[in-house]
Amino acid sequence: MTTQVEAIHGVIFDLDGTLVSSELDFSLIKAQIGCPDNEDLLDFIAQLPSPYMREEAMNIVHQHELLDAQHATLLPGVSEAISLLNDRNIPMAIVTRNFDKAAALKLKNNPLPISTVLTRSDAPAKPDPSALNAIATLWNISADNLLYVGDYLYDIQAAHNANMRACLYAPNETPPYADQADYVLHDFYDLVALVESYSKKVELC
């Protein structure tokens, strides 16, 4: 049986832990707002019973995100890989669960040639595929031809929910959910080679 693998015509990135460093202590944040460890933080806040409680909880999250943004730095290989993709005219975008001000600060301090950035202020947070779908529409590129690169399970799920291929960035330990990704990247320098390997349709037997 022959399977066609579509070319990669655009790349969308997660931000924290993928392009820039992050030291967000989610256990501490959850403890401060009373969120159980096994629940998603944003889902928990959305289900709080009053607008005041939701606002107060989100303010705590914002404080942590802004503090983290002040110290974020580009991760190894990111600048070089992004520059090479940019030279090859590969469209690029960022989709992050950060809120807009924190994402903007991280990118101001760590400038990259990526102008399209969607945060949870713009669309529902991952693994909801809305932001990824919006970028596919903006670029007028089929989801089959787009790659989403991130470092967490939600990134894999968001990509597949949008019918895109998922590339898990795992520079250190390989997590147990890595087998759900289409590709696993241990070194960011290898991203360009991955994209170029699908510069045209490849037939795998």
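So the values come out like this:
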item	result
Per-residue HN-Hα couplings for the range 187-192 [Karplus 6.51, -1.76, 1.60; θ = phi - 60°; Hz; x = Gly/Pro]	9, 4, 4, 7, 4, 4
Within the chain, helix-based [θ] at 222 nm, where runs of 4 or more DSSP H residues each add -39,500 (n - 2.57), nearest 500	-12000 deg cm²/dmol
Per-residue ³J(HN,Hα) for the range 126-143, Karplus 6.51 cos²θ - 1.76 cosθ + 1.60, θ = phi - 60°, Hz, x for Gly and Pro	4, x, 4, x, 4, 5, 5, 4, 5, 5, 4, 5, 4, 7, 6, 10, 4, 4
Whole-number accessible area per residue in Å² for the chain, which is evaluated in the context of all protein chains at 1.4 Å	51
Amide H contacts under 5 Å for PHE13, placed H, 5+ residues apart	ALA93, ILE94, VAL95, VAL149
Dipole axis of the range 26-107 (+1 Lys, Arg; -1 Asp, Glu on Cβ), positive-most option in MET53, LEU66, SER27	LEU66
Accessible area in the full protein assembly, largest first, 1.4 Å probe, for THR174, THR137, THR116, THR96	THR137, THR174, THR116, THR96
Solvent exposure, largest accessible area first (probe 1.4 Å, DNA, RNA and ligands not counted), of HIS9, HIS62	HIS9, HIS62
Dipole magnitude of the chain, debye to nearest 20 (Cβ charges: Lys/Arg +1, Asp/Glu -1, about Cα centre)	540
Carbon plus sulfur fraction of accessible area for the chain, probe 1.4 Å, in percent	50
Charge tally in the Cβ shell below 12 Å around GLY17, where Lys, Arg are +1 and Asp, Glu are -1, GLY17 excluded	-4
Formal net charge of residues neighbouring CYS167 (Cβ-Cβ distance under 11 Å; K, R +1; D, E -1)	-4
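The values are calculated or read from the model by the stated rules, or taken from the named source; none is laboratory data. The structure presented is a predicted model; accordingly, all values stated were derived computationally and were not measured. Don't worry about glycine lacking a Cβ; one is built from the backbone with ideal geometry, like all the others, and counts go over all protein chains shown. Heavy atoms of the whole protein, side chains included, go into the accessibility calculation; ligands, DNA and RNA do not. Shrake-Rupley method; radii C 1.70, N 1.55, O 1.52, S 1.80 Å.
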